[in-house]
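Below: one structure, written as structure tokens.
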Amino acid sequence: MAVTRHHEIVVVGGGFSGLGTAIALKRAGFHDLLIIDDADGPGGTWQWNTYPGVAVDIPSFSYQFSFAQRSTWSRSYAPGRELRVYAQQIVDEYNLAPHLQFCTRVHKATFDAQAARWSISTSSGDVTARWLIHAGGPLSQPKLPEIDGMDTFEGATMHTSRWNHEVSLAGKRVGIIGTGATAVQVIPEIAPDVKYLTVFQRTPIWCLPKPDFPLGRVGRAGLKKVPGVRQAARLASQAFVEVTFPVLAHFHRWVPGTFALEVAARKYVAMQVLDPTTRSKLTPTYALGCKRPSFHNSYLSTFNRDNVALETRSIEAITPKGIRTTDGVEHELDVLILATGFKVTDKDALPTYQLTSNDGTDLAEHWDAERFHSYQGVTTAGFPNFFTVFGPYGYNGASFFTLVENSATHIVRVLDEARRRQATSAEVTAAAQDKYMTSILARRPLQVFTNPTCAGANSYYFTNNGDVPFRASTTLEAAWQSRRFSLDDYTFAK
């Protein structure tokens, strides 16, 4: 008979969320932990996404842990391959390899209140844990389009997050569905190689120039050796990131800077795109901020190429030979690329497996029926001994690494207190959760997402209920709250 393994803590997700949380746990003296991931290496999003042009969309100086800053980035916006290297460096430096189990997918997790532990079913066998932490990121599970005939296409098909590097695009007729943040990076990279590229756009994206530049040997040496340079670069980067999302998005009524950015974006598309009809099609009709904007220096100008066409008619069906649009035209293709995004707020995305409490309540069903809610994005009343790093109303849109460090700090505080009390379970109170949600939702009228034009943005920010489960706060406020919340907001039991 198979033996069920037991660990004090199981972390689901081997991306930077899981790695950063594991480091915080080990520093606090929690060493009996297992990190499970379905990829074949660390890095999460950066392990899965290897498409041409993949890179960070915030400055490299912010896209790293505060305790593991690097001076080796090749550019101000690091390419994806360097993030994969960074993930492996983190594993090596903090001795996380003994805790990692790759190529393993979690199927189900059930809490047993009597034993105060989670029973976790995986593709590699069962495991139990006192504490379960979901550290799955939002940009790893591909979302496939619901289009008739998807399985009939006779050419090569791939989602950008599962790029097939064995498929050559040279001299091929290529179609790409989607013009979101991923497509903005892919399209300029593949356009020079393909015979013909047809871009199927449902909703245009606001695009602004990207302050991306090589750091070079001198720049990297300055970051490494000159006192204060790395700190100054990070401070400037953090301020830039803070202003361009948390401040402008969550406090739009007080700081309506998105209007100025929209004017700049309109001027940018006018400068970049020569054909007025194409330019009009690439200009959004919703307010900047409703949907994730993008930054790129050659995306818009790519549509000036003779071998690139923008198709805005709706797709009627996928055919064996290509894509048929609603005007009856069939666009013949050799390769179909799906830049259709990820499952972010879908029922089977957070978490990616069935998770049920002791009374049989399914978390996904619970959130679907009651709308998303949490306590600081980390815990949910009714689900003891369970934590999320990227939970609803936890992320404010700044550096993802800041979110990881804040969530990990919150989790460690709770587990430290449980250890001090010799408690076997911990659960946030409904009263504390309600108080937090009331305070966050009270800021909703200040956000840019209340703009009526957002209804036409087709933004993944919005849930099916029309909610935007971001944490409406500054980064400093979120960091303070993760370190200062009252431990009386939790109930502990032996």
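The values are calculated or read from the model by the stated rules, or taken from the named source; none is laboratory data. Being a predicted model, the structure only gives us computed values, none of them experimental. For neighbour counting, all protein chains shown are included, and Cβ atoms are generated from backbone atoms with ideal geometry for every residue, glycine included. Accessible surface areas use protein heavy atoms only, side chains included; no ligands, DNA or RNA. Shrake-Rupley method; radii C 1.70, N 1.55, O 1.52, S 1.80 Å.
PHE470 meets the conditions (1) open to solvent by 20 Å² or more (accessible area, probe 1.4 Å); (2) in a helix (DSSP H, G or I); (3) not β-branched (Val, Ile, Thr) in every case but one. The failed one is (2). In the range 39-50, the count of residues that are assigned to a helix (DSSP H, G or I), out of contact with any strand residue (DSSP E or B) (no Cβ under 7 Å at 6 or more places or on another chain), open to solvent by less than 30 Å² (accessible area, probe 1.4 Å) and closer than 18 Å to GLY391 by Cα is zero. Taken over the range 433-447, the criterion of being farther than 24 Å from SER486 by Cα and either among the basic types (Lys, Arg) or touching a Leu at 6+ places or on another chain (Cβ under 7 Å) (or both) is satisfied by ARG444 alone. GLU417 passes every criterion in (1) crowded, with 18+ Cβ neighbours inside 10 Å; (2) in contact with a Leu (Cβ under 8 Å, 6 or more places away or on another chain) apart from (1). Among the residues of the range 228-244, those that are hydrophobic (A, V, I, L, M, F, W, C) and surrounded by fewer than 20 Cβ atoms within 10 Å (Cβ to Cβ) comprise VAL229, ALA232, LEU235, ALA236, ALA239, PHE240, VAL243.
Between a residue in the range 163-181 that is of a type in the set (Ser, Thr, Tyr) and any residue that is assigned to a loop (DSSP other than H, G, I, E, B), which pairs come within a Cβ distance under 7 Å, given they are 6 or more apart or on different chains? From the range 163-181, the pairs are THR179/GLN201; THR179/PRO204; THR179/ILE205. For the range 391-440, filtering for residues that are within 23 Å of LEU83 (Cβ to Cβ), of a type in the set (Val, Ile, Thr) and outside any helix (DSSP H, G or I) leaves 0. Against the test of being in contact with a helix residue (DSSP H, G or I) (Cβ under 9 Å, 6 or more places away or on another chain) and at pLDDT 95 or above, the options VAL54, VAL10, VAL106, VAL85 yield a single qualifying residue, VAL54.
Of the residues making up the range 137-161, those that are open to solvent by 20 Å² or more (accessible area, probe 1.4 Å), polar (S, T, N, Q) and outside any loop (DSSP other than H, G, I, E, B) are THR152, THR157.
For the range 72-81, the count of residues that are out of contact with any helix residue (DSSP H, G or I) (no Cβ under 9 Å at 6 or more places or on another chain) and part of a strand (DSSP E or B) is at least one. Just so you know, in the range 190-240 the residues that are in a loop (DSSP other than H, G, I, E, B), among the β-branched types (Val, Ile, Thr) and in contact (Cβ under 8 Å) with a residue 12 or more places away in the chain include one that is farthest from ARG292 (Cα to Cα), and it is VAL194.
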